[in-house]
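> Here it is, the structure in full.
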Amino acid sequence: MVLGIESSCDETAVALVTSDRRILAQRIASQEEEHAPYGGVVPEIAARAHAQRLAPMLEAVLGDAGLSLDAVDAIAATAGPGLIGGVMVGLVSGKALAMASGKPLIAVNHLEGHALSPRLADETLGFPYLLLLVSGGHCQILSVEGVGTYRRLATTIDDALGEAFDKTAKILGLGYPGGPKVERLAMEGDPKSVPLPRPLKGSKEPHFSFAGLKSAVLRAHESGDHSDADIAASFQQAAVDCLIDRLEKALGQAGPHPALVVAGGVAANQVIRSALEALASRHQMQFVAPPLQLCTDNAAMIAWAGCERLIQTPDFAGDPLDLKARPRWPL
Ligand code: KG4
Ligand code: ZN
């Protein structure tokens, strides 16, 4: 049983997860309201909010499960990548709990949490699988070959896809966080109405680029020739086309994988999910999309990454307590 702590962006989260895939208790406190007036996450505000909320949440989660720290086998905390102030709050709390309880600390890469979370939801998902990780901070294609063995096939050369959704929302005056709002507005628009670019489509390496798409959205909006709904729908369609083209390229390079998995906050998007499902079916791959609450930032995925580590190395003594939080930490 692992206690997980997540604080790398704007969600403070704590969860208790067992190696047989039960989430015994979890709490997630979003900071959406604090950051909304600024149109994006303000690191200083985020760090303070994590510091205020984390200790009561840890007590609450243990209380919800009716357990004390004695029952826990290890404490897993996100150690990066992310906003450094927030990561430090969660990691220092994890270290303090580990020190006080004598239980091992497991420092988890936030991206590894996303990468392994589909296995928490679906016990049939074995290695290897092709993972599309799409969130506000990341846009990568990984071959997940085992716990701790990740081969990065592609990344973004500029913006992450969630960031592009958030910026599009800002341009259209929809507010923050933008992804769900753009998706909702897109339902009322025509995805073929606004000519928008598909950056890097057809290029040799499977990398992503979304900065040019965002600029094109801005120009389309400023031209006054299109409705906001048409822009939202056309933007979403361009994003889908880029994802599918790049995934096809990655599959061509990496060879067949039995499963295609999507994770990260953007995986909540239903249009993107459907397109990925169709791609998987064309390639005779199993398609796995974890439930939405596991796709966005949460602590169950961090606790689960800790479980996976302990299953792999049962006598793991723990990461050193002088380990540093890492704002950047490629998987
Ligand atoms: O994984 P996540 O919760 O946080 C990190 O960035 O690590 O992802 C949040 C991102 C935001 O950019 C948000 O706009 C995007 O996921 N997102 C969506 C949708 N729901 C959340 N993007 C497109 N469509 C959605 N329905
Ligand atoms: Zn995330």
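> Within the bounds of region 150-171, is there any residue that is more than 16 Å from ligand 2 (Cβ to nearest atom), hydroxyl-bearing (S, T, Y), within 27 Å of Y38 (Cα to Cα) and modelled with pLDDT of 95 or more?
yes
Yes/no matrix, rows are residues, columns are (1) crowded, with 18+ Cβ neighbours inside 10 Å; (2) farther than 17 Å from L132 by Cα; (3) modelled with pLDDT under 95:
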residue	(1), (2), (3)
Q236	yes, no, no
C242	yes, no, no
L247	yes, no, no
A250	yes, no, no
A259	yes, no, no
A263	yes, no, yes
S274	no, no, no
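> Something else now. If we keep just the residues of region 119-173 that are in a helix (DSSP H, G or I), among the aliphatic types (A, V, I, L, M) and under 20 Å from D297 (Cβ atoms), which is farthest from the chain's Cα centre (by Cα)?
A169
> Please work out if A250 is without any contact (Cβ under 8 Å) to a residue 40 or more places away in the chain and within 30 Å of S215 (Cβ to Cβ).
no
> Residues in region 282-294: is at least one aromatic (F, W, Y) and in contact (Cβ under 8 Å) with a residue 60 or more places away in the chain?
no
> Moving on to the next point. When you check G94 against the structure, is it in contact with a Leu (Cβ under 9 Å, 6 or more places away or on another chain), away from ligand 2 (no atom under 16 Å from the Cβ) and not aromatic (F, W, Y), yes or no?
Against the criterion (in contact with a Leu (Cβ under 9 Å, 6 or more places away or on another chain), away from ligand 2 (no atom under 16 Å from the Cβ) and not aromatic (F, W, Y)), G94 qualifies.
> Right, here's the next one. Within the bounds of region 316-329, is there any residue that is assigned to a helix (DSSP H, G or I) and either surrounded by 15 or more Cβ atoms within 10 Å (Cβ to Cβ) or outside the structural domain of R151 (by TED's automatic domain parsing) (or both)?
no
> Within region 98-107, identify whether any single residue is closer than 20 Å to I23 by Cβ, touching a residue at least 40 places away in the same chain (Cβ under 8 Å) and within 16 Å of ligand 2 (Cβ to nearest atom), and answer yes or no.
No - not one qualifying residue is present in region 98-107.
> Could I ask something else about it? Could you list all residues from region 236-269 that are within 11 Å of ligand 1 (Cβ to nearest atom), in contact with a His (Cβ under 7 Å, 6 or more places away or on another chain) and aliphatic (A, V, I, L, M)?
A263
> Still on this model: I'm checking my understanding of the structure. Among residues of region 56-97 that are more than 19 Å from the chain's Cα centre (by Cα) and β-branched (V, I, T), which one is nearest to A305 (Cα to Cα)?
I75
> Next question. Among the residues in region 192-202, are any within 15 Å of ligand 1 (Cβ to nearest atom), assigned by TED's automatic domain parsing to the domain that holds D241 and surrounded by 16 or more Cβ atoms within 10 Å (Cβ to Cβ)?
No, region 192-202 has no match at all.
> With respect to V182, determine if the residue is assigned to a helix (DSSP H, G or I), in the same structural domain as K249 (by TED's automatic domain parsing), in contact with a helix residue (DSSP H, G or I) (Cβ under 7 Å, 6 or more places away or on another chain) and away from ligand 2 (no atom under 15 Å from the Cβ).
yes
> Only one of (1) more than 21 Å from Q286 (Cα to Cα); (2) crowded, with 16+ Cβ neighbours inside 10 Å; (3) small (G, A, S) fails for A254. Which number is that?
(1)
The values are calculated or read from the model by the stated rules, or taken from the named source; none is laboratory data. Just so it is clear, the structure is predicted and the values come from calculations on it, not from any experiment. All Cβ positions, glycine included, derive from the backbone under ideal geometry; neighbour counts span all protein chains shown.
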